[in-house]
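The values are calculated or read from the model by the stated rules, or taken from the named source; none is laboratory data. Because the structure is a prediction, the values reported are computed rather than measured. Reconstructed Cβ throughout: ideal geometry from the backbone, glycine too, with neighbour counts over all protein chains shown. What goes into the accessible areas is simple: the full protein's heavy atoms, side chains included, and nothing from ligands, DNA or RNA. Shrake-Rupley method; radii C 1.70, N 1.55, O 1.52, S 1.80 Å.
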Amino acid sequence: KVDQVIGDNNRLSFRISQAPTKGLRYFQGGLAEQVPTDRNTGTNTALSDTHTWGGNKVNELRIGWSRSNNARTQTAEQLAINGFQQFGFPSFLSKGMPQITGFDAQIQSIGSDPGTYEIDNSFEIRDTYTWTKGRHVIKGGVEYNAPQQNIVDYNNVGGSWQFNAAQTNIGSGNTAAVLGIPNATTGFSYASLLLGYPNSVSLAPAVIPYQYRWKYYAGFLQDDIRVTPNLTVNIGVRYQIERPRVEKHHKQG
C-alpha cells in the first residue's frame, strides 16, 4: 500500500494484495485417487484519489480491479501419467486418469474429473462528490462495474466409465443348471473391467470455453438537511441497472 500527498488538497492512495490457497477436497471421495485439488489465487488492486477545495467540497475517485483464479484438478500423482493410454481408455487428453466408477461396491472407484478452470475479473469505477453548504450536505455519485467470468470445464472429457457384474454374470436362471445352486450370485465388476466391458460410458466430445460478460451502472443524488440541531432530514434518489449476462463469442443461447 502506497499513500502520496500531492499538494495541500490532493491525496492519492494505491494498494495491491494477493492471497494464494491450496487444498485437497477430501469430503468428495474416499481414496486419494478420487480427491481433487483446489487452487485459488485472489488478487485485489485499488486506486483512490481524494481532492478537496474551498474547505467545503470533496471529490473522491476510486478505481478497482480484482481477480479470482480458481482451478480444481486431479492430484499431482494422477496428472504425472497418461492413464488413458496406459490403461487403454480412448481420450484426446495426454495426462491424468479416467474416472472409473461402479464396481457394485466391491472395489473403491478410482479417478476423478480432469477438473475445471475459472478466472473471474471485476473492474469498478466510483466517483462521489460532496458539497457542504449551510444546513445542506449534498452528495452525488456514479458507479460502473464490469464483471467477467471465464470458464474452461473439463468435466467428463476424460470419460466416466462404469463397470458392474452384469457383463460377466451367467444370469440367475442358469445358475441351477450350470452351478447346481439356484439363484446364485455370479459376475464380478472388476472382471468386467479387465475384459473391457463397461456398463455405461459418459464422454464429452469437446471442450468449449465460456467467457461471460455483463455490466452494472448506478447513480445517486442525496441531500442531508439539518432542520434543527436535533433533526436531520435525508432526501435522496438512486437508480441502478444490471445488464443481462452474455457470452463473448455467442457460444451459448
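Of everything listed in (1) under 39 Å from the mean Cα position of the chain (by Cα); (2) open to solvent by less than 40 Å² (accessible area, probe 1.4 Å); (3) of a type in the set (A, V, I, L, M, F, W, C), the single unmet condition for A184 is (1).
Taking the range 206-218 as the range and being open to solvent by 40 Å² or more (accessible area, probe 1.4 Å), touching a Pro at 6+ places or on another chain (Cβ under 9 Å) and closer than 13 Å to N150 by Cα as the test, the residues that pass are R213, W214. Filter the range 104-158 down to the residues that are part of a loop (DSSP other than H, G, I, E, B) and either open to solvent by less than 50 Å² (accessible area, probe 1.4 Å) or under 30 Å from T186 (Cβ atoms) (or both) and list them by number. Those that are part of a loop (DSSP other than H, G, I, E, B) and either open to solvent by less than 50 Å² (accessible area, probe 1.4 Å) or under 30 Å from T186 (Cβ atoms) (or both): Q106, I107, Q108, S109, G111, S112, P114, N156, V157, G158.
Identify the residue in the range 168-181 that is polar (S, T, N, Q) and in a loop (DSSP other than H, G, I, E, B) and, among all such residues, is nearest to the chain's Cα centre (by Cα). Once the filter is applied, the top-ranked residue is T168. Between L221, L203, L193, the distinction of being touching a strand residue (DSSP E or B) at 6+ places or on another chain (Cβ under 7 Å), closer than 30 Å to S91 by Cβ and either open to solvent by 50 Å² or more (accessible area, probe 1.4 Å) or aliphatic (A, V, I, L, M) (or both) belongs to L193 only. Scanning the range 239-253 for residues that are part of a loop (DSSP other than H, G, I, E, B) and not basic (K, R) yields P244, H249, H250, Q252, G253. Candidates are the residues of the range 111-143 that are of a type in the set (G, A, S) and touching a residue at least 40 places away in the same chain (Cβ under 8 Å); the one that is nearest to N70 (Cα to Cα) is G115.
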